[in-house]
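J.: Have a look at this one before I ask anything.
The values are calculated or read from the model by the stated rules, or taken from the named source; none is laboratory data. It should be emphasised that the depicted structure is a prediction, and the values quoted were computed from it without experimental measurement. Neighbour counts run over all protein chains shown; Cβ positions are idealised from the backbone, glycine included. The area values use the complete protein model at the heavy-atom level, side chains included, leaving out ligands, DNA and RNA. Shrake-Rupley method; radii C 1.70, N 1.55, O 1.52, S 1.80 Å.
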Amino acid sequence: MENSKITRKNPAGMCSPVGNYTHITKIPRNAELYVTSGQIGADRNGKIPDSMNEQIRYTFDNIQTVLHAEELSSEHIIKVNIWATQKIDWDFLYEKWAELFGLNYPAMTIGYISELGLPELKIEIEIWAAKV
């Protein structure tokens, strides 16, 4: 059994994922675990745009910055938690998702909530990553 890499699968006997994610992501025992704070849609100067899609764009930019700071890539991401205060334009989010992940999806949870840490925030994305 291969125990030196991160593996992803969708088990037999259950429905396929309803989105671009994988039901199970497994990390080996010898992996380092990285947990980020929720990344928000602020630009490099801390400005938060009004548009949900612009916040999504900056959030994915910020995720890339966090990953690069630790010499990580999307293949190291094992879990994504998305919190949003309004309906997500899934076509736009999945465009950014595909730029980051291609077709190698991590586990994912999405929750719609009434508010985030600042009133102008519409989306926050937390990532968990592991490096073998």
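J.: Looking only at segment 101-110, count every residue that is surrounded by 13 or more Cβ atoms within 10 Å (Cβ to Cβ) and outside any strand (DSSP E or B) and tell me the total.
T.: 3
J.: Considering only strands (runs of 3 or more DSSP E) fully contained in segment 1-100, which possess at least 1 residues that are within 26 Å of E120 (Cα to Cα), touching a residue at least 12 places away in the same chain (Cβ under 8 Å) and not β-branched (V, I, T)?
T.: Passing ranges, in order: 77-84.
J.: Would you check if G19 is within 15 Å of the chain's Cα centre (by Cα), over 18 Å from T7 (Cβ atoms), modelled with pLDDT under 95 and surrounded by fewer than 18 Cβ atoms within 10 Å (Cβ to Cβ)?
T.: yes
The rows are residues; the columns are (1) modelled with pLDDT under 95; (2) touching a Leu at 6+ places or on another chain (Cβ under 6 Å); (3) of a type in the set (A, V, I, L, M, F, W, C); (4) open to solvent by less than 70 Å² (accessible area, probe 1.4 Å).
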site	(1), (2), (3), (4)
I48	no, no, yes, yes
E54	no, no, no, yes
L67	no, no, yes, yes
L72	no, no, yes, yes
E75	yes, no, no, no
I78	yes, no, yes, yes
N81	no, no, no, yes
I88	no, no, yes, yes
F92	no, no, yes, yes
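J.: Right, something else. Spot the failing condition for I127; the list is (1) surrounded by fewer than 19 Cβ atoms within 10 Å (Cβ to Cβ); (2) modelled with pLDDT of 95 or more; (3) within 22 Å of K5 (Cα to Cα), and only one is missed.
T.: (1)
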